[in-house]
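Notes follow the structure.
The values are calculated or read from the model by the stated rules, or taken from the named source; none is laboratory data. For clarity, every value in this text was computed on a predicted model and none was experimentally measured. Cβ sites come from the backbone with ideal geometry, for glycine too, and all protein chains shown count toward neighbours.
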């Protein structure tokens with residue numbers, strides 16, 4: 001059983017290396033297209049800094065995926081209390097926080113040029129910051145949890161915290177604000193080269209998100225299984241408590 | 001429950017997420033000073049130079065992504081060490097030595 005666990009992790013890593021390679025190649029293409037191929041936008045949109053858009057928007061999209069995975073895992077954990085769901089929730093929350101940080105760093109740099117200030121208490125910016133802090137709180141709570149009760153509490157926090165996601169998404173429609181709204185259902189908000197660059201970037205970020213989420217969840221699951229097996233071995237008298245590394 | 005079931009569920013959720021994230025119409029006629037479209041321009045003179053801001057933003061993105069990948073790699077390596085240590089601990093205990 002122990003050998004199988006190690007082999008599974010190693011086999012997954014090999015398979016995921018291929019996917020990560022494709023994601024990396026697409027990411028390099030997206031970077032080249034954004035910085036070199038896509039045209040500069042009008043001054044009101046930030047001019048040259050509008051190029052931040054090509055990584056800023058896909059990062060926000062991956063943040064939503066991370067939150068979705070975290071909520072799915074948390075609901076599953078609350079229903080079944082298994083380490084698989086918990087691992088998925090943890091991986092999703094980490095991904096959400098990493099990509100939300102990218103959004104919160106790249107956005108103000110763009111805003112400095114387009115709006116003249118790094119930060120404005122715009123509805124979308126404020127709700128994004130709030131959402132990020134909720135998932136940071138989830139990760140802190142989860143990392144300090146020593147039993148099922150804390151994990152259940154963290155899972156409930158994730159489910160309730162996810163309610164802020166639709167608010168982030170629809171905040172520009174609800175409360176206007178300064179945030180650009182160029183991706184419309186009718187299209188036409190972007191020049192064709194800009195749209196293609198954004199498309200490649202979305203593809204790269206989607207593949208990368210899938211790879212990172214899968215690998216991180218497998219690792220979290222592996223960690224939980226090793227801890228469970230060690231506890232089981234101690235209870236069966238196969239190991240002493242002091243053998244715990 | 002199979003340990004991979006949550007991961008399969010995540011893959012399904014990911015696929016469902018692909019479409020709506022980009023769409024979401026925003027047709028607010030009174031959008032005021034918000035930017036509704038990005039138009040290409042040629043030969044524009046930048047009042048505030050944006051090159052440094054773009055480089056900083058992309059460097060931050062790559063740094064954060066690289067940092068997270070390094071964090072995951074370290075976790076994977078630590079997990080392998082833990083599995084190996086558990087195997088060694090169990091192998092060290094011969095069956096006859098059990099209390």
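What to note about this one:
- When the range A:230-245 is limited to residues that are modelled with pLDDT under 85, outside any loop (DSSP other than H, G, I, E, B) and in contact with a helix residue (DSSP H, G or I) (Cβ under 6 Å, 6 or more places away or on another chain), the one that is surrounded by the most Cβ atoms within 10 Å (Cβ to Cβ) turns out to be A:243.
- Selection from the range A:112-166 of residues that are farther than 30 Å from residue A:227 by Cα, in a helix (DSSP H, G or I) and away from every other protein chain (no Cβ under 13 Å): A:125, A:126, A:127, A:128, A:129, A:130, A:131, A:164
- Verdict on residue A:157 being in contact with a helix residue (DSSP H, G or I) (Cβ under 9 Å, 6 or more places away or on another chain) and buried (at least 20 other Cβ atoms within 10 Å of the Cβ): no
- When residues in the range A:167-201 are screened for being part of a helix (DSSP H, G or I), over 27 Å from residue A:91 (Cβ atoms) and touching a residue at least 12 places away in the same chain (Cβ under 8 Å), 7 of them pass.
- Residue count for the range A:66-84 under the criterion of being at the interface with another protein chain (Cβ under 7 Å from one of its Cβ atoms) and in a helix (DSSP H, G or I): the result is 7.
- Breaking point among (1) surrounded by 24 or more Cβ atoms within 10 Å (Cβ to Cβ); (2) modelled with pLDDT of 95 or more; (3) within 9 Å of another protein chain (Cβ to nearest Cβ), for residue A:50: (2)
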